[in-house]
Every structure is written in structure tokens, then in C-alpha cells.
């Protein structure tokens with residue numbers, strides 16, 4: 001009994017065609033998770049810095065908190081009525097891309113002490 005050879009190798013060919021697409025989707029998903037983790041870290045740091053400034057802690061303490069966020073983080077501080085607001089921003093990229101694509105910005109506010 002002879003088999004027809006028309007379907008031989010079709011599974012291998014399909015795998016070769018779909019494997020790059022699957023790899024790309026996985027890489028994008030992992031990259032998106034990485035960006036989300038950076039964003040969560042930025043939120044926590046901005047909140048800590050805003051609370052520290054609102055409590056009137058020393059600038060060395062505030063500088064230490066900002067330094068924990070990384071050396072590429074940009075810091076902005078503003079006072080609005082009785083609130084202290086801190087904006088932290090960082091240029092971020094997906095792991096496979098060499099240049100910065102996204103600008104992650106987070107602003108957190110805290111009520112100033114004694115007001």
C-alpha cells in the first residue's frame with residue numbers, strides 16, 4: 001500500500017511559517033509586561049516622593065527615593081493649593097528595540113502637612 005506524498009512535510013512547513021509569528025506575539029506580550037512593571041515602579045516611587053515632600057522630609061531623603069527609581073528618571077515638583085504633586089517620567093523601550101519608544105509619566109499628589 002503506497003501513501004501519497006502530497007501531504008509529506010506540510011506540518012514542518014506550517015511550523016516554519018507560524019513560528020516567527022508566535023515568537024513575535026510572545027516578545028510583544030513580554031515587552032508589554034515589562035513596560036507595565038516599569039509603570040508600577042514609577043507609580044510607587046512618585047507616591048513615596050510626594051509623601052516625603054509633603055511631610056517636610058529633607059531633600060537628601062527625597063533624592064535617595066528618586067535615585068531608587070533609576071538614573072534616567074526625570075523629576076518635576078509642584079504645589080497646588082494644599083497639595084504637593086510630583087511627576088516622574090522616564091523614556092522606555094521594548095526589550096528588543098534599541099531606541100526609546102515610550103515616555104512613561106506618572107504624577108502623584110499628597111496633602112501637605114499642617115494644612
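Brief remarks on what is shown
- Sorted fewest first by neighbouring Cβ atoms within 10 angstrom, 79, 106, 57 come out as 79, 57, 106.
- Computed over the chain, the per-residue total of -39500 (n - 2.57) for DSSP H runs of n ≥ 4 gives a 222 nm mean residue ellipticity of -18000 deg cm²/dmol, rounded to 500.
- Degrees, to the nearest 10: 59-69 long Cα axis against longest axis of the chain: 0
- Remark: relative contact order (the chain) = 26 percent; criterion is Cα-Cα distance under 8 angstrom and separation of 6 or more residues.
- Spherically averaged projected area of the chain from its Cα convex hull (nm²): 10.8
- Spin-label model, residue 74 to residue 11: label points 7 Å out along the Cα-to-beta-carbon direction sit 5.4 nm apart.
- By the Stokes-Einstein formula, at 0.890 mPa s and 25 °C, segment 17-58 with its Kirkwood radius over alpha-carbon pairs has D equal to 193 µm²/s.
- Which of 51, 74 has the fewest Cβ neighbours within 10 Å, and the rest in rising order: 74, 51
- Spin-label model distance (nm) - residue 55 vs residue 19, 7 Å beyond Cα toward Cβ: 5.5
Values in this text are rule-based calculations from the coordinates and carry no lab data. Keep in mind that what you see is a predicted model, and the values were worked out from it rather than measured. For neighbour counting, all protein chains shown are included, and Cβ atoms are generated from backbone atoms with ideal geometry for every residue, glycine included.
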